[in-house]
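The values are calculated or read from the model by the stated rules, or taken from the named source; none is laboratory data. All of these numbers come straight from a predicted model, not from anything done at the bench. All Cβ positions, even for glycine, are placed from backbone atoms using ideal geometry, and neighbour counts span all protein chains on display.
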Amino acid sequence: MKILSISTSSNIASVSISENDDCILELNIDNNKTHSETLMPLIDELFKTSNINLSDINVISCDIGPGSFTGIRIGISSIKAIAESLNIPVIDVSSLEALAYNIQDIDCKTICSLIDARNNQVYCGIFDNNHNLLEDYIADDINKVIESLNKYQDIIFVGDGAIVHKDLLNINDFGYDNVIHAKNIAKCAYNKFKNNDTKTADSIMPLYLRKSQAERMKQKNG
């Protein structure tokens with residue numbers, strides 16, 4: 001089974017083709033252009049370089065957030081168009097889930113994915129070492145998130161939120177990647193596929209854990 005996966009929830013656009021959960025090819029780009037400019041050309045390059053045809057794809061997956069509101073909308077609209085044209089199922093993966101899959105073959109009890117939301121705010125996902133979500137996602141001040149983690153032991157932190165707040169988290173070094181990868185979205189998607197957790201293109205929705213800045217300003221100003 002071939003899976004086309006994309007990530008657009010961060011500054012980096014990431015696309016991959018996997019055979020089940022084994023990555024055939026992944027391409028990443030961060031060139032200060034918008035995802036609307038870079039995503040489709042990057043997907044075209046992916047297929048040309050891999051010598052795989054779009055018609056060979058059986059499932060398509062993407063991250064649905066949290067993260068960049070604009071990027072998420074671009075990613076979801078793109079996979080909807082592709083999935084509808086091919087009449088294939090879609091698997092949605094949260095950005096926090098995808099980050100947790102960066103931690104492979106590392107001895108730990110708990111994985112904490114953190115995405116920076118600016119102004120001391122983070123999006124947080126807490127997983128066991130098999131990437132199973134342990135509680136609802138959190139969007140809160142980093143200090144409150146740290147307090148909520150007191151009940152967990154042997155935690156590995158991953159994501160750009162962990163980089164931003166590494167001093168508070170007492171992280172001296174990262175021995176792993178903190179980027180959201182399409183290939184890890186595919187790994188998660190494959191596990192969901194085995195559990196029959198697929199959707200139709202028209203049912204995929206963004207995962208917003210808080211309102212956008214524009215919406216917050218509008219609410220503040222009445």
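For beta carbons closer than 8 Å, sequence separation of 6+ or different chains, a first residue in the stretch 29-55 that is under 19 Å from MET1 (Cα atoms) and a second that is loosely packed, with under 12 Cβ neighbours inside 10 Å and at pLDDT 95 or above, the qualifying pairs are PHE47/ASN53.
Would a scan of the stretch 114-123 turn up a residue that is in contact with a Leu (Cβ under 9 Å, 6 or more places away or on another chain) and either surrounded by fewer than 19 Cβ atoms within 10 Å (Cβ to Cβ) or polar (S, T, N, Q) (or both)? No, the stretch 114-123 has no match at all.
Determine whether LYS192 is touching a His at 6+ places or on another chain (Cβ under 9 Å) and not in a loop (DSSP other than H, G, I, E, B). No; evaluated as a whole, the condition is false for this residue.
Do you know which of the residues in the stretch 83-123 that are under 18 Å from the mean Cα position of the chain (by Cα) and part of a helix (DSSP H, G or I) is farthest from SER7 (Cα to Cα)? Here the residue is ALA100.
Within the stretch 139-165, take every residue that is touching a residue at least 60 places away in the same chain (Cβ under 8 Å) and on the phi < 0 side of the Ramachandran plot and give me the one that is surrounded by the most Cβ atoms within 10 Å (Cβ to Cβ). It comes out as ASP160. Consider the stretch 30-71 and keep the residues that are within 15 Å of the chain's Cα centre (by Cα), crowded, with 17+ Cβ neighbours inside 10 Å and among the β-branched types (Val, Ile, Thr). The one that is nearest to ILE82 (Cα to Cα) is ILE60.
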